[in-house]
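Reviewing the structure listed below.
The values are calculated or read from the model by the stated rules, or taken from the named source; none is laboratory data. A quick note: this is a predicted structure, and the numbers were derived from the prediction, not measured. So basically every Cβ, Gly included, is an ideal-geometry build from the backbone, and we count neighbours across all protein chains shown. Note: areas computed on protein heavy atoms with side chains; ligands, DNA, RNA excluded. Shrake-Rupley method; radii C 1.70, N 1.55, O 1.52, S 1.80 Å.
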Amino acid sequence: MAETTSTAPTTTDLVRGTLEGRRVNPVNTLVSGLLLIALLSSLLVLAVLLADVFGKGWGLLTERGADFLTTPLSPNAVDAGIFQGVMGSIALTAIVIVVAFPLGVAAAVYLEEYAPTNRLTQFITTNIRNLAGVPSIVYGLLGFSVFVNLFSGATGGRTVITGGLTLALLVLPIMIITTSEALRAVPTALREASMGVGATRWETIRHHVLPVALPAILTGSVLTVARAFGETAPLLLSGAVLSLYFAVPPEAGFVSLMTEQSYTALPMIIYNWARQPQEEFVALTSAAIIVLLAMLLIVNAAAIVARDHFERKST
Amino acid sequence: MTQEPVTEEHRTVNADPTPSATDAAADKLRDVVADRETEGPTGNSTIFGLRGLTVYYADFRAVKEVTADIRENEITALIGPSGCGKSTVLRCFNRMNDLIETARVDGSLTYHGVDLYGKNVDPVEVRRRIGMVFQKPNPFPKSIYENVVYGPKIGGMKGNLDDIVEESLRKAVLWDEVKDKLDESGLALSGGQQQRLCIARAIATSPDVLLMDEPCSSLDPIATLRIEELMLELKQDYTIVIVTHNMQQAARVSDRTAFFTVDVSDDGQRTGKLVEFDVTNRLFTSPSKTETEDYITGRFG
Ligand SMILES: Nc1ncnc2c1ncn2[C@@H]1O[C@H](COP(=O)(O)OP(=O)(O)O)[C@@H](O)[C@H]1O
Ligand SMILES: [Mg+2]
């Protein structure tokens, strides 16, 4: 203390004085505090939901084990399983991936890499964004009128194929937007490098642009597919069965599960069970939700593995 | 071939200095030109013929009425202030402007007498013969080997690809530095090495011409020096057209220099134009236009 008052301040002291501001900046602290609260409250809601679901359903899941997945639906809570729901959800997801992914990527590649920028393409781009915002129930109506009525010959009517195609339509705009954004993020310099050594446009896209964009495309696609996975409304309208009985027994095999006009999916089962008055269905509902979440996690994990694989390949 | 233009012109200028000869900047450039050990310009035949070449980006006329002859196995430098259309002109030579949707070319540009913008010309074929090195090194995010081999592979080149890779990397003076790590990413190299990798990639397709757009602008002086030496080396086999910001560099390496500037019309339209195109040492020692002289003496702007 005595020293600092006796000697004149050195340059270091002066500079330190200008560089070291107030330790506590109130605005800064307030803002970061508010942001933290926002984050924590959303995490808290999630945690409460999860705790509730696991609290109600975990017991039943551990007690029934894999049987819960392989037992067919039943109106009696004691022996009700989710077999048809799991199969239906897997089939729906597979159809969405097989249809919407290639179609969405191809459409985006055309829009971003080939189509000239003019009024028409701008109009199309704008409307793809609009379509992405259309409520899913509208897609259900569309699926009903197109796939159930118009093309019933090809889809077989109210089959899982109709449901899958309806969900594919639902996610297609988002798939196109995600892919477009991923393609736009690929630097022009890479395209120039490739075209500069005499690659054609398609070679440039296939060898350089798509590999670089793929991780981002995959990440976006997973979120999109995950959305389709949880949808109920479009399935309700396009023919999924909402019943405690089920027309097609699991013994009938995969093909009839796909082609019979009677399919269901996990979200449908959850929706239905949640409305049952009996106490036992509460545990069943929660157990089905846990299975749905687990399946979502698996899809996500698969996409992360795929993304890392391609990321490593392209750097 | 002939040493005479360099020495003679240098002497003439010193004996009878124009007013600007007193400018230090101009003196320095003259020294650079005079100290060059390379041959002066040649009597080589024309490879690119530009006649009234005008380029538009949508409605904006970026550069107008460029008429010049670029000769084989020479280094031609395009210099001038930023925005005068050097890159725009350079990117016409291999139809790179085709990638920009709004770009449109008027006038004529021939390559060995063939109209490059002719109806039946395939730009992909053009780019195989006329390679390009960009301002910012842009290796593919792939291995060094794949970077070099890509052009020959898609071009269906005959011959052992390994040999092509080695030969190209040797020509680009990069072989010794990378021969033990050909399967490592091209992006892991230093900036100067990346640019030499891009040069190796460009020469791997055995082009006729190398176009270089400010290839040293993101490199340090040592890397720049290496690229300059490399250009002089490559001149034996290739025609090189280089855009450079650096007048010293143009003076050091080029045989001929084209000086561009920006014309501002009464209504404020800025259009690039070719002011003077001459043998490099003549352009730097006794420019015929005052605009050129002002620019090389640093009086510009
Ligand atoms: N893709 C483009 N679209 C529109 N204008 C452009 C484009 N590229 C360049 N220009 C314009 O053309 C003029 C010449 O540019 P450029 O050839 O890059 O000049 P330089 O290479 O001499 O700096 C500038 O006014 C620039 O803004
Ligand atoms: Mg430029």
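What to note about this one:
- The peptide list B:280-287, A:275-282, B:236-243, put in order of mean Cβ contacts within 10 Å with the highest first, becomes B:280-287, B:236-243, A:275-282.
- Between the helical axis of A:26-64 and the longest alpha-carbon principal axis of chain A there is an angle of about 30 degrees.
- Rounded to 5, the percent of DSSP beta bridges in the protein assembly as shown classed as antiparallel: 60 percent
- Compactness index (Cα Rg / 2.2 N^0.38 Å), chain B: 1.01
- Just the protein heavy atoms count here, and of the accessible area of the protein assembly as shown at 1.4 Å, carbon and sulfur take up 59 percent.
- Beyond 26 Å, the tail of the calculated P(r) for segment B:182-301 holds 33 percent of the Cα pairs.
- Mean sequence separation of contacting Cα pairs (under 8 Å, at least six apart), scaled by the length of chain A, corresponds to a relative contact order of 25 percent.
- Normalised contact order of chain B, rounded percent, pairs of Cα under 8 Å and 6 or more residues apart: 26 percent
- Cubic angstrom per residue, convex hull over Cα atoms of chain A: 258 Å³
- Solvent-accessible area of A:TRP58 with every protein chain in place, 1.4 Å probe, in Å² to the nearest 10: 130 Å²
- Cα shape, segment A:1-99, gyration tensor, a/c 1.5 rule: prolate
- D_trans [Stokes-Einstein, Kirkwood Rh over alpha-carbon pairs] for segment B:138-208, 10 °C, 1.306 mPa s, µm² s⁻¹: 137 µm²/s
- Square roots of 5 times each gyration tensor eigenvalue, C-alpha, segment A:157-204, largest first, Å: 37, 13, 5
- Alpha-carbon spread of segment A:24-165, three principal axes, descending order, Å: 63, 56, 24
- Chain B - mean residue ellipticity at 222 nm from DSSP helices (-39,500 (n - 2.57) per run, n ≥ 4, rounded to 500): -10500 deg cm²/dmol
- Relative to the longest principal axis of the Cα atoms of chain A, the long axis of helix A:210-230 makes an angle of roughly 50 degrees.
- Cα point-scatterer Debye curve for the protein assembly as shown, base-10 log of I(q)/I(0) at q = 0.07, 0.08, 0.09, 0.12 Å⁻¹: -0.68, -0.79, -0.89, -1.14
- Seen against the Cα atoms of chain B and their longest principal axis, helix B:221-234 is set at about 80 degrees.
- Inter-chain neighbour count for B:132-142: the average number of beta-carbon atoms from partner chains within 10 Å of each residue's beta-carbon is 5.
- Net lengthening on full extension, B:LEU225/B:LYS179 (0.36 nm per residue, minus Cα-Cα): 14.4 nm
- Taken as Cα centroids, segment B:113-167 and segment A:131-186 sit 42 Å apart, rounded to the nearest whole angstrom.
- Accessible area buried at the A-B interface, both sides summed, 1.4 Å probe (Å², nearest 100): 1800 Å²
- Accessible area of B:ASP69 (1.4 Å probe, protein heavy atoms only, ligands and nucleic acids ignored): about 50 Å².
- Förster radius 51 Å - calculated FRET efficiency between A:THR117 and B:HIS245, Cβ distance, rounded to 0.05: 0.95
- If you take the Cα centroid of segment B:71-95 and the Cα centroid of segment A:68-130, the two points sit 50 Å apart.
- Approximating the spin labels as points 7 Å out from Cα along Cα→Cβ, the B:VAL264-to-A:ILE298 distance works out to 6.9 nm.
- Contact order for segment A:18-157, expressed relative to its length and based on alpha carbon pairs under 8 Å spaced 6+ residues apart, stands at 7 percent.
- Averaged over the residues of peptide B:145-156, the number of Cβ atoms from other protein chains lying within 10 Å of each residue's Cβ is 3.
- Entries of B:LYS86/B:LYS119; B:LYS142/B:LYS235; B:LYS119/B:LYS273; B:LYS171/B:LYS235; B:LYS142/B:LYS179; B:LYS86/B:LYS235 with Cα pairs more than 23 Å apart: B:LYS86/B:LYS119; B:LYS142/B:LYS235; B:LYS119/B:LYS273
- Taken residue by residue and averaged, Cβ atoms of other chains lying within 10 Å of the Cβ of B:191-202 number 1.
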